[in-house]
Amino acid sequence: MPPDPSPAAQARQLLAGARHAALAYLTPGGAPGISRIAFGLDTAGLPVSLISALTQHEPALRLHPVCALMVGEVGAKGDPLTHPRLMIRAEAIFIAPDDPARPALRAKWLADHPKSKLYADFADFGFVRFTLISALLNAGFGRAHSLSAADLMP
């Protein structure tokens, strides 16, 4: 049996394989909120999402950009709490429609999320990049690791 990858390598694997995430945020009134969002990585390996201005989390992130994301899937067998998951602390940065980096981001997003081509260019949708602050990898029982933003970069 091969050895477990390093915590940083395991965290990067979780990020690379995630196509959705749980997003925790503060509402404009200061109450906590959580949403499931589409998730991917940009060309530099930073977490991104394509979100609609019609959601509750979009205006919340504009007001309070510090947030948390969780990625990791529960396996087919066993206790769900023994499967690896990664919690990321981040700051949401909205990508302007005229940002020169947007076309490359859009192309990568559509390559990874082809069904979103149906709505990616709707006026209410925009890209959000999540600037990494820190992370916590829970790799299973008794295997929790604090990680820096640098640990998560490819």
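Since every read-out is calculated from the coordinates, none of them should be taken as a lab result. Values in this document were obtained by computation on a predicted structure and should not be read as measured data. As a convention, Cβ positions derive from the backbone with ideal geometry for all residues, glycine included, and neighbour counts pool all protein chains shown.
Calculation over all alpha carbon pairs of the chain in 5 angstrom steps from 0 returns a P(r) of 2, 9, 18, 21, 20, 15, 9, 4, 2, 0, 0 percent. I want to verify a result. In a Gaussian network model of the chain, Cα cutoff 10 Å, which of these has the top mean-square fluctuation: P65, P103, P84? Among P65, P103, P84, the largest mean-square fluctuation in the Gaussian network model of the chain belongs to P103.
Note the angle between two axes, namely the Cα long axis of helix 7-17 and the longest principal axis of the Cα atoms of the chain, as a number of degrees from 0 to 90, rounded to the nearest 10. Around 40 degrees separate the two axes.
Counted without the sites themselves, the longest stretch of the chain free of trypsin sites (Lys or Arg not before Pro) in a DSSP loop having at most 15 other beta carbon atoms within 10 Å is 78-142. Among F125, F39, F141, the residue with the largest mean-square fluctuation in a Gaussian network model of the chain, with springs joining Cα atoms closer than 10 Å, is F141.
If you take the beta carbon distance between T55 and H83 as r and set R0 to 25 Å, what does 1/(1 + (r/R0)^6) give as a FRET efficiency, to the nearest 0.05? Show your work: numbers first, answer last.
Details: r = 27 Å, r/R0 = 1.10.
The pair T55/H83 has a calculated efficiency of 0.35.
On the principal axes of its alpha carbon atoms, segment 29-71 extends 34, 19, 17 Å, with the longest extent given first. Calculate, in whole percent, how much of the Cα-Cα pair population of segment 99-154 lies beyond 14 Å. Taking all Cα-Cα pairs of segment 99-154, the fraction more than 14 Å apart is 68 percent.
FRET efficiency for the E73 to D98 pair, using the beta carbon distance and R₀ = 30 Å, is estimated at 0.25. Between the helical axis of 102-112 and the longest alpha-carbon principal axis of the chain there is an angle of about 50 degrees.
Assign unit charges at the C-beta atoms only (+1 for Lys and Arg, -1 for Asp and Glu), then state the dipole size of the chain relative to its Cα centre in Debye, rounded to the nearest 20. Present the calculation step by step, with values, prior to reporting the outcome.
On the way: 14 positive and 12 negative charges, 46 e Å.
Dipole magnitude for the chain comes out near 220 debye.
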